[in-house]
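As structure tokens, the structure follows; a few thoughts come after it.
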Amino acid sequence: MLDYLEAGGEAEHHVRHEPPKWQIFDEEHYHGFAYPTYSYAAQVVDAEVDPDTLEVQATRATVVAEVGRIIHEVQCRGQVEGGTLQGLGWALLEEMKVENGHYRNDRMATYIVPTILDAPEMEVELMEAPWEGPPFGAKGVGELPMDGIAPAVCAAVENAVGIAVDRIPATPERILDGADEGWAS
Amino acid sequence: MRVAFTLNGRPVEVEGQGDERLLDLLRRHFRLTGTKEGCGEGECGACTVLMDGAAVLSCLTPLVQLDGRELFTVEGLEATTRGSQFLERFAAGGGTQCGACTPGIVLSAARYLSETPVVDRNGIRRALAGNICRCTGYEAIVKAIEAEGGRKDRVQLALHPSDPELTEERES
Ligand code: FES
Ligand code: FES
């Protein structure tokens, strides 16, 4: 092959992945296996709540993610860490506000995302359980780490101050609402 | 108006509008496109450069303020041996993903590492408080800077033209 290329030839190499035969999804009728398998994660958040201002600071996030097959460990870990912080932003800070069809917070001065000072220390454990369907058994990791963080944050807040917050972002105002509405446990 | 300053150790002079943003000057006039525009309103830190050794936001710095200054960009960092090795290590450890924040982050980090004999997590967090990263969750960034702080040959900023490291690089 190398000899051939060096002699000035051109070569193309195609590889195609076929899902297992039974994995069929009918786009027209929305029938079949849209989600033939799942990645799994467990997420734990340690948080401190200021008893006067009800501000929440996440101090530590522990994530165990089972992603099928890890293809690039550094990037995979990066996806989990980055998604975890995005989930935390969603849980505590980020809210797209729309009014009369216009975004009220359409810039970084008004749409607040976590800085390094908002970021908790993170511990990420990756696990592999390759699955027959996708290439190399990789199930996917991008969206996974965002899903469990908000519930974990709300549980941490409840654990700390005894107020159940049922809306996110769990801003001090909403936590206070929770207390007013008599959810204090 | 005309201003004269040093850019990555090299004396330069430019003629331009007083309110021209340093960010545009770097990217368009000098073709130093390492410096990125994120928000353009002083919130994100993607456009961070060093002016007289301090981190400034080039989207908020007008040309009129540049006369007599020493400016240092990510290209200047990369031009030094230690700087480019630091960048390699930073990337290998996952400190960058999409890369939009990276030029600003590594300059803030290099400044902190140059000035701080004993680095720690809280110091790193304070030094990088003005640089938003949307991708990494910051964990790999903090770890990369912590690890760099433990090295004997850690990154050192060469801000002045007389700094042997930078001069050496340029002559070779
Ligand atoms: S582009 Fe300058 S701070 Fe965002
Ligand atoms: S790597 Fe994408 S914003 Fe930091």
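Rule-based calculations on the coordinates, nothing more; no lab input. What you see is a predicted model; the values in this text were computed from it and never measured. Note that each Cβ is placed from the backbone with ideal geometry, even for glycine, and that neighbours are counted across all protein chains shown.
The table below lists the values:
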{"item": "Charge dipole (debye, nearest 20) of the protein assembly as shown; +1 at Cβ of Lys and Arg, -1 at Cβ of Asp and Glu", "result": "700 debye"}
{"item": "Average beta-carbon neighbours from other chains, 10 Å sphere, peptide B:34-44", "result": "2"}
{"item": "Average beta carbon contacts from partner chains per residue of A:109-120, 10 Å cutoff", "result": "6"}
{"item": "In order through segment A:83-94: 3J(HN,Hα) via Karplus (6.51 cos²θ - 1.76 cosθ + 1.60), integer Hz, x for Gly, Pro", "result": "x, 4, 5, 5, x, 5, x, 5, 6, 10, 10, 8"}
{"item": "Cα shape, chain A, gyration tensor, a/c 1.5 rule", "result": "prolate"}
{"item": "Segment B:70-154: trypsin sites (Lys or Arg not before Pro) in DSSP loop, at most 11 other beta carbons within 10 Å", "result": "B:Lys152"}
{"item": "Mean separation of Cα contacts under 8 Å, 6 or more apart, over the residue count of chain B: relative contact order %", "result": "25 percent"}
{"item": "Built amide H within the under 5 Å cut-off of A:Tyr40, gap 5+", "result": "A:Glu66"}
{"item": "Farthest positive-ward along chain A dipole, Cα basis, beta-carbon charges - from A:Gln75, A:Ala7, A:Ala155", "result": "A:Ala7"}
{"item": "Spacing of the two label points (7 Å from each Cα toward its C-beta) at B:Arg10 and A:His13, in nm", "result": "4.1 nm"}
{"item": "Extension reserve of the A:Lys21-A:Tyr4 stretch, reckoned as 0.36 nm per residue once the Cα distance is removed", "result": "2.4 nm"}
{"item": "Phi-based couplings in Hz for segment A:163-179 (Karplus 6.51, -1.76, 1.60; Gly and Pro marked x)", "result": "10, 8, 9, 10, 9, 10, x, 7, 6, x, 4, 6, 5, 5, 3, x, 5"}
{"item": "Rough spin-label spacing in nm, given labels placed 7 Å along Cα→Cβ, for B:Arg89 and A:Tyr38", "result": "4.2 nm"}
{"item": "Whole-Å distance, taken between Cα centres, linking segment B:9-56 and segment B:130-153", "result": "23 Å"}
{"item": "Rounded FRET efficiency, nearest 0.05, which uses the C-beta distance separating A:Glu55 from B:Ala54 and R0 of 30 Å", "result": "0.50"}
{"item": "Where labels lie 7 Å past Cα in the beta-carbon direction, separation of B:Gln17 and A:Glu125 in nm", "result": "5.8 nm"}
{"item": "Chain A, relative contact order in percent, only Cα pairs under 8 angstrom and at least six apart counted", "result": "28 percent"}
{"item": "Vicinal HN-Hα couplings computed from phi for segment B:74-84 (Karplus, 6.51 cos²θ - 1.76 cosθ + 1.60; Hz; Gly/Pro x)", "result": "4, 5, x, 5, 5, 6, 9, 4, 5, x, 5"}
{"item": "Expected 222 nm ellipticity per residue - DSSP helices of 4 or more, -39500 (n - 2.57), all of chain A, to 500", "result": "-8000 deg cm²/dmol"}
{"item": "Exercise: per-residue mean of other protein chain Cβ atoms within 10 Å, A:81-90", "result": "4"}
{"item": "Computed [θ] at 222 nm, deg cm²/dmol, chain B (DSSP H ≥ 4; -39,500 (n - 2.57); rounded to nearest 500)", "result": "-9500 deg cm²/dmol"}
{"item": "Part-to-part distance (alpha-carbon centres) for segment A:33-77 and segment B:58-74, which is given in Å", "result": "40 Å"}
{"item": "Of A:Pro114, A:Leu54, A:Val141, farthest towards positive along the dipole that unit charges on Lys, Arg, Asp, Glu beta carbons give chain A", "result": "A:Val141"}
